[in-house]
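Okay, structure first, notes after.
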Amino acid sequence: MLRRFIVLALIVLGVGTAFARDPDRPAHAGAAAQTRPGAGSGIRPGLWEGSVELRPKASAAAPQDTSGKVASPAPGGADARIQKVSSPLSLRLLEPASGGLLDMPEQSMFGFPLSNLSWRQDRISFRLETGSDVSAIAFNGFLAKTAQGAAPKIVGSLRGEELSGSFAISLVPDRLLPGETRLSVDTGMGLIPGSLIIPESAGSPMPLVLMISASGTTDRDGNNFNVPGKNDAFRLLASALAQEGVASYRYDKRGSGEAYKLVYDESFLRFYQYVNDAAEVIARFRGDERFSRIVVLCHAEGALVGAAALNRLGLSSTFVDAMMMLCASDKSPLQGVEDSLADTPAELEKEAKAIMQALKAGKEYPSPSPYFADFFRPSFQAYLSSWFQYDPFVEIPSVMVPLAFVHGGRDLQVSQEELDGLLALRPSASAYILPGMNHALKEVPEDRDRNFDAFTDPSFPLGKGLVELVAAFAKVKPIPPSIQRYRR
């Protein structure tokens, strides 16, 4: 498959690819017996941290000779690496029936959703299913005896087709930013979990920035469990804004983070659900006297979601005061997919047209050929059809609040021409280019490899000037002179 189609698939296919792995809908076995926070010293929702020890099974660790005996590994060869490996392990247990998220940093796995998770007062079990060639790994643990006053501790074993091991994790305090509290919003289609940060040093009332993340399974921090590593862009931005006296609320999109259970089967996912969620989040803060001004900040595809959400609310100026769109594009979802199909081999062009014709009409194309089988899989087609119904050319001009566009000079995904297209839709909007910022909102050098590294490495700083620009916009203060306004 050619590069342009692959890039689009990597961005979009993240919507729901992991959710079909969880067969135990709607609740986990044993959910009724789970305990709530503060209930005794048993296993309960919260953050559990410790380590895991992995060791390959003998059958996978070394070759066998014809007699069936394990052969001795050659010195310095690949088999010399076969030994027990210890690495950090973090498990966030969510409220009953909401699942759990696993971090294994040395495997570049963060916020990975777990399937077949169940726990009771003193027992827990779950499966790690990555969807790769590696078979599922089953974890089974129990509550260990600890000294009086010590944190609860879970110890247990894990077993897969090619490896086994053990783990030990203890309940630890949640890792919240200063002034951060957890706050869920009822959208009518499920609870959307999020984080509200009220700056400790800010006066009241203060401006509030509502953050809407990009495409795929992107959580409140800007991370996608389908992509190895993390970037923490939204978490870093929220923390930095707090230091500028600006409050913020960021939330997990349905299907990501702590909201992953809301998309238990991708065949039920529709783009309008994202729009509805954003609208309900925005409406939740309407009239909140703690905030002097509300700004909706949208990243990439989040711009289309945010614009459509404000339009859904009707008189948007009665809900928010302004909107900022970071790294947004003027291309519609339909145009983006059609552009990606330009590389389709000639012999498959007829099928490509037939698939798109069906999806645009809201119909199913039941059996795509192998070339299209992944991206246009039947379970994903209804989502694509709903996605194609939204167009920046319709939504963005209809937003009735002041608007600002922010583009990264080193954004490899969205071009400056697309920024010009947005300004053509909203000539009255202000626009800014941050020269060193990439699509992940990080400051990067010209080197292309380092640009992509920033998508999965939180040590890269936010784009130079981004925090100051957002804070000034939220406070209705002059933009710093180092940030030049862009004009077509």
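The values are calculated or read from the model by the stated rules, or taken from the named source; none is laboratory data. As the structure is a prediction and not an experimental result, all values here were calculated from the model. Because the Cβ atoms are built from the backbone with ideal geometry, glycine has one as well, and the counts that use them run over all protein chains shown. Areas reflect the complete protein model, heavy atoms only, side chains present, ligands, DNA and RNA absent. Shrake-Rupley method; radii C 1.70, N 1.55, O 1.52, S 1.80 Å.
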Open item on the list: I want to check the label-to-label distance for Asn140 and Phe452. Put each point 7 Å from Cα in the C-beta direction and report it in nm to one decimal.
Closed with: 4.2
Task: 10 Å beta-carbon shell around His439, net charge (K/R +1, D/E -1) - done: +1
Open item on the list: Leaving out ligands and nucleic acids, and using a 1.4 Å probe, what accessible area per residue does segment 184-238 come to in Å²?
Closed with: 32
- [ ] Calculate, for Ala346 and Asp288, the FRET efficiency according to 1/(1 + (r/R0)^6) with r their C-beta to C-beta distance and R0 56 Å; round to the nearest 0.05.
- [x] 0.45
Open item on the list: In whole percent, and with a 1.4 Å probe on the protein chains, what portion of the accessible area of segment 371-488 is carbon and sulfur?
Closed with: 54
TODO: With a 1.4 Å probe and every protein chain kept in, tell me what percent of the accessible surface of segment 152-237 is carbon plus sulfur.
DONE: 53
TODO: With +1 on each Lys and Arg Cβ and -1 on each Asp and Glu Cβ, and nothing else charged, work out how big the dipole of segment 246-376 is about its Cα centre, in Debye to the nearest 20.
DONE: 560
TODO: Assuming R0 = 41 Å, can you tell me the calculated FRET efficiency for the pair Glu364 and Glu53, based on Cβ-Cβ distance, to the nearest 0.05?
DONE: 0.30
Open item on the list: So with the 1.4 Å probe, I'd like the accessible area per residue for segment 96-164, rounded to whole Å².
Closed with: 50
TODO: Grab the Cα-Cα distance for Ala373 and Ala424, subtract it from 0.36 nm times how many residues apart they are, and report the gain in nm with one decimal.
DONE: 14.7 nm
TODO: Determine ³J(HN,Hα), in whole Hz, for all residues of segment 441-451 in sequence, where each value follows from phi through the Karplus function 6.51 cos²θ - 1.76 cosθ + 1.60 and θ = phi - 60°; x replaces Gly and Pro.
DONE: 6, 10, 7, 9, x, 5, 4, 5, 5, 5, 4
Task: Loop-resident sites, segment 128-229, for GluC sites (Glu not before Pro), counting at most 10 other Cβ within 10 Å (DSSP) - done: Glu200
Open item on the list: What distance in nm separates the two pseudo spin-label positions at Arg127 and Ser204, each 7 Å out from Cα along the beta-carbon direction?
Closed with: 4.9
Task: Local net charge near Ala278, Cβ-Cβ under 10 Å (Lys/Arg +1, Asp/Glu -1) - done: 0
Task: Candidate lysines - alpha carbon under 23 Å from Lys350, same-chain residues fewer than 8 apart omitted - done: Lys360, Lys363
Task: Local electrostatic count, Gly50, Cβ distance below 14 Å [Lys/Arg +1, Asp/Glu -1] - done: -2
TODO: Could you run the Karplus curve 6.51 cos²θ - 1.76 cosθ + 1.60 with θ = phi - 60° over segment 165-172 and give me ³J(HN,Hα) per residue in whole Hz, x for Gly and Pro?
DONE: x, 9, 8, 8, 9, 10, 6, 10
Open item on the list: Need the full-extension length gain, Gln416 to Met400, defined as separation in residues times 0.36 nm minus the C-alpha distance. One decimal, nm.
Closed with: 3.3 nm
TODO: Based on the mean of other Cβ atoms within 10 Å per residue, sort peptides 365-372, 401-408 so the most packed one is first.
DONE: 401-408, 365-372
Task: Average accessible area per residue (Å²) across segment 239-320 - probe 1.4 Å, nucleic acids and ligands excluded - done: 31
- [ ] Return the carbon/sulfur percentage of the accessible area of segment 242-370, one whole number, probe 1.4 Å, all protein chains in place.
- [x] 47
Task: Under 17 Å from Lys153, Cα to Cα: lysines that are on another chain or at least 8 residues apart - done: Lys145
